[in-house]
Amino acid sequence: MITGEGTRLGVAAARRLAELDRPEIGPGLTEAEFDRVEREFGFRFADDHRAFLSVGLPLNGPVAEGQAGERPWPDWRDGDRDELREHLDWPVDCLLWDVRHGHWRESWGERPEDTEAAVAAARLCLAEAPRMTPVYAHRFLPAGAGTCGHPVLSMRGGDIIYCGVDLLDYVNQEFAEPRPDRPAGWPPHLTVPFWSDYLRPRYRS
């Protein structure tokens, strides 16, 4: 059971999403469902993300104008398991695509001349990167029980930007119309090792 700031933030974000009437929202995940998902996929939701999903599970309906893909909301209850794995693997797989096309970090050592060998070496290094969990489409929060209040990141390989100072701000920035002004805490503080190195300079604190 989570309490405190994580609960407050996640519940507020879920209620705000419901107020905006985008999207349809089903019953929240139960403790048994959380346990099954976390055991099956090998991660723990951050406290605010967990509280958000416990209030209500956003559902994928008919494709609406401005929607990011056909099924942008991860369906942790009934979704296709391979599709959920692909969604979870998106940050790493997209960065490996960048590696295949020339990207390399100095901290990984000397890049192998063979492209497939470079991708394999980068994959080993990325196994140590913090796990990210999808919120909506390519918007992600870090995994980790006992944590909360992380900025939501838009992640496309090495192209990473802030989408909100936290989960509540993200819901407003993504779904409210007109989009509200940036909060006083903008840009957010860096909280995610490794991935924060890719944040576009104009969004960094």
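Summed over the range 11-59, residues that are β-branched (Val, Ile, Thr) and closer than 19 Å to residue 132 by Cβ total 1.
Taking the range 120-137 as the range and being over 15 Å from residue 93 (Cβ atoms), surrounded by fewer than 15 Cβ atoms within 10 Å (Cβ to Cβ) and hydrophobic (A, V, I, L, M, F, W, C) as the test, no residue passes.
Counting residues in the range 175-185 that are buried (at least 18 other Cβ atoms within 10 Å of the Cβ) and among the aliphatic types (A, V, I, L, M) gives zero. Pairs are defined by a Cβ separation below 6 Å, a sequence spacing of at least 6 or placement on different chains, a first member in the range 115-136 that is hydrophobic (A, V, I, L, M, F, W, C), and a second member that is open to solvent by 50 Å² or more (accessible area, probe 1.4 Å); the pairs so defined are 118/111; 119/100. Restricting the range 151-174 to residues that are among the acidic types (Asp, Glu) and not in a helix (DSSP H, G or I), the residue that is most open to solvent (accessible area, probe 1.4 Å) is 159. State whether the residues of the range 138-150 include one that is buried (at least 17 other Cβ atoms within 10 Å of the Cβ), among the hydroxyl-bearing types (Ser, Thr, Tyr) and not in a loop (DSSP other than H, G, I, E, B). No: the range 138-150 contains no residue that is buried (at least 17 other Cβ atoms within 10 Å of the Cβ), among the hydroxyl-bearing types (Ser, Thr, Tyr) and not in a loop (DSSP other than H, G, I, E, B). Residue 71 meets all of the listed conditions (1) closer than 24 Å to residue 168 by Cα; (2) in contact with a Ser or Thr (Cβ under 8 Å, 6 or more places away or on another chain) but one, namely (2). When 89, 82 are checked against the criterion of being open to solvent by 20 Å² or more (accessible area, probe 1.4 Å), of a type outside the set (Val, Ile, Thr), under 13 Å from the mean Cα position of the chain (by Cα) and more than 18 Å from residue 29 (Cβ to Cβ), a single residue qualifies: 89. Taking the range 89-107 as the range and being assigned to a helix (DSSP H, G or I) and farther than 23 Å from residue 133 by Cβ as the test, the residues that pass are 100, 106, 107.
Say whether the condition of being open to solvent by 50 Å² or more (accessible area, probe 1.4 Å), closer than 23 Å to residue 49 by Cα and more than 16 Å from the chain's Cα centre (by Cα) is met by at least one residue in the range 105-119. No, the conditions are met nowhere in the range 105-119.
So that you can scan it fast, the table gives a plain yes or no per residue for (1) farther than 18 Å from residue 139 by Cβ; (2) in contact with an Asp or Glu (Cβ under 9 Å, 6 or more places away or on another chain); (3) among the polar types (S, T, N, Q):
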| site | (1), (2), (3) |
| --- | --- |
| 8 | yes, yes, no |
| 21 | yes, no, no |
| 29 | yes, no, no |
| 34 | yes, no, no |
| 73 | no, no, no |
| 77 | yes, yes, no |
| 83 | no, yes, no |
| 101 | yes, no, no |
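For the range 21-59, the set of residues classified as of a type in the set (Asp, Glu) and open to solvent by 50 Å² or more (accessible area, probe 1.4 Å) consists of 21, 24, 31, 35, 40, listed by residue number.
The values are calculated or read from the model by the stated rules, or taken from the named source; none is laboratory data. None of the values given here were measured: they were computed from a predicted structure. We place every Cβ from the backbone using ideal geometry, glycine too, and count neighbours over all the protein chains shown. What goes into the accessible areas is simple: the full protein's heavy atoms, side chains included, and nothing from ligands, DNA or RNA. Shrake-Rupley method; radii C 1.70, N 1.55, O 1.52, S 1.80 Å.
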